[in-house]
Amino acid sequence: MTADIAAILAIDGIATGAVYALVAIGTVLIFTVTRVIFIPFGDIAAFTALTLAALDARQLPGTVGLVVVLACMACVMEVVSLARAGEFRAVPKAVLGYLVLPLIVVGIVWLTMRFNPPMPVRIVLALLLIMPISPLLDRIVFRPIADASVLLLLTVSVALHFALVGLGLLFFGPEGVRTEPLTSMAIEIAGVHVSGQTVLILTAALVFSGLLFLFFDFTLIGKALRATALNRTGARLMGIRPARAGTIAYLLGSLMAGVSGILIAPVNTIFYDSGFLLGLKAFVGAIVGGMASYPGAALGAFGVGIIESFASFQSSTLKDVIVFSLLIPVLLWRSLASQHSEEEVEE
């Protein structure tokens, strides 16, 4: 391996790690607020790429029907729950949030696609269509068992992943897709050719990480999410609704997963089940950060990307084995060094 090859592999690993970082940060965000290890996070990223590919082909993606069905199910469950609790005044707001707004998004996508929109508009449409999926799944699947153990929530999350993989095969078929490049720019750094797509991936990761930092430190909603992540019981006593905080966390997580899917689609062929490995490798990075630290998760994800890049050069067939083998020492170290919180002990 020459220095030039090492530099190319490092740049490729950093770009891949930037995508993993977005997914890892979203995974940590959802886990800290809701205690759910959201395994389908990678599926959301893959669905975004496949949705954008369908929009590029001037087709109405299957995620349109998915959003409609999930919105109807979530609305019925929320209305029934409110009726049982006697909170009839909250029913209109629930119908607006769980049914009307998702259907408005579907309507916007359907109407806009009749006018052959440009690439930036199609990207926005794909993100708008993907963002409601995770919050709706939260209301349907996880909200009824919100007080269950983390292990049960993980088991349900794995089952949900397999369900989404089956739906992905039904909606998009077995063929892989690549979307149009977001930029054709190319630069040269120290004699190493760097594509504009790589620069765009790194820029997006840095921008979203910075925006997330500002959101948590300087907005009331961000501080409410941090409070919920630190202590759900204490946040509830201070008037913060964990269910609402969870919905916001899922929205933000879906946005980050969607952006990562859009960024990776022009450089990797995306299949209906590609999200599993994407989410799993990002999860390794999140584990390095202890599933509690956003900077730690990002650094871990960059490390995973770099190791994967060099491992693929040595042995493309064993690169996944090498990456996932990192979990063994990390989990051993975490299990010996971590201290359980009071909420975990109560469970």
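Couple of notes before you dig in:
- Meets criteria (closer than 16 Å to Ser157 by Cα and touching a Pro at 6+ places or on another chain (Cβ under 9 Å)) for Val33: yes
- Residue, farthest from the chain's Cα centre (by Cα), within region 89-139, restricted to residues that are open to solvent by less than 30 Å² (accessible area, probe 1.4 Å) and of a type in the set (D, E, K, R): Arg122
- In the set (1) modelled with pLDDT of 90 or more; (2) open to solvent by 30 Å² or more (accessible area, probe 1.4 Å); (3) closer than 26 Å to Leu152 by Cβ, the condition left unmet by Phe47 is number (2).
- Set Arg89, Arg122: member being closer than 15 Å to Thr48 by Cβ and of a type in the set (Lys, Arg): Arg122
- In region 299-344, residue modelled with the highest pLDDT [restricted to those that are aromatic (Phe, Trp, Tyr) and in contact with a helix residue (DSSP H, G or I) (Cβ under 8 Å, 6 or more places away or on another chain)]: Phe302
- Residue count for region 250-266, restricted to those that are in contact with a Pro (Cβ under 8 Å, 6 or more places away or on another chain) and open to solvent by 10 Å² or more (accessible area, probe 1.4 Å): 2
- Put simply, of Arg244, Arg232 the only residue that is among the basic types (Lys, Arg), touching a residue at least 40 places away in the same chain (Cβ under 8 Å) and open to solvent by 30 Å² or more (accessible area, probe 1.4 Å) is Arg232.
- Qualifying residue in region 161-177 (condition: open to solvent by 10 Å² or more (accessible area, probe 1.4 Å), touching a residue at least 12 places away in the same chain (Cβ under 8 Å), closer than 30 Å to Ile8 by Cα and touching a strand residue (DSSP E or B) at 6+ places or on another chain (Cβ under 9 Å)): yes
- Total residues in region 243-277, condition out of contact with any Lys or Arg (no Cβ under 8 Å at 6 or more places or on another chain) and assigned to a helix (DSSP H, G or I): 22
- Taken together, the residues in region 61-88 that are in contact (Cβ under 8 Å) with a residue 12 or more places away in the chain and exposed (fewer than 14 other Cβ atoms within 10 Å of the Cβ) amount to 0.
- Matching residues, region 16-41, being open to solvent by 10 Å² or more (accessible area, probe 1.4 Å) and under 20 Å from Asp320 (Cα atoms): Thr16, Tyr20, Ile39
Residue-wise test of (1) of a type in the set (A, V, I, L, M, F, W, C); (2) assigned to a helix (DSSP H, G or I); (3) touching a residue at least 40 places away in the same chain (Cβ under 8 Å).
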{"position": "Gly279", "(1), (2), (3)": "no, yes, yes"}
{"position": "Gly290", "(1), (2), (3)": "no, no, yes"}
{"position": "Ala301", "(1), (2), (3)": "yes, yes, yes"}
{"position": "Ile307", "(1), (2), (3)": "yes, yes, yes"}
{"position": "Thr317", "(1), (2), (3)": "no, no, no"}
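- In region 277-322, of all residues being of a type in the set (Phe, Trp, Tyr) and surrounded by fewer than 19 Cβ atoms within 10 Å (Cβ to Cβ), the one that is nearest to the chain's Cα centre (by Cα) corresponds to Phe310.
Residue by residue, here is whether (1) out of contact with any Pro (no Cβ under 9 Å at 6 or more places or on another chain); (2) modelled with pLDDT under 80 holds:
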site: Leu212; (1), (2): yes, no
site: Gly222; (1), (2): yes, no
site: Ala235; (1), (2): no, yes
site: Met238; (1), (2): yes, yes
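The values are calculated or read from the model by the stated rules, or taken from the named source; none is laboratory data. Please read these numbers as outputs of a predicted model, since none were measured by experiment. Note that each Cβ is placed from the backbone with ideal geometry, even for glycine, and that neighbours are counted across all protein chains shown. SASA here: full protein model, heavy atoms, side chains in, ligands and nucleic acids out. Shrake-Rupley method; radii C 1.70, N 1.55, O 1.52, S 1.80 Å.
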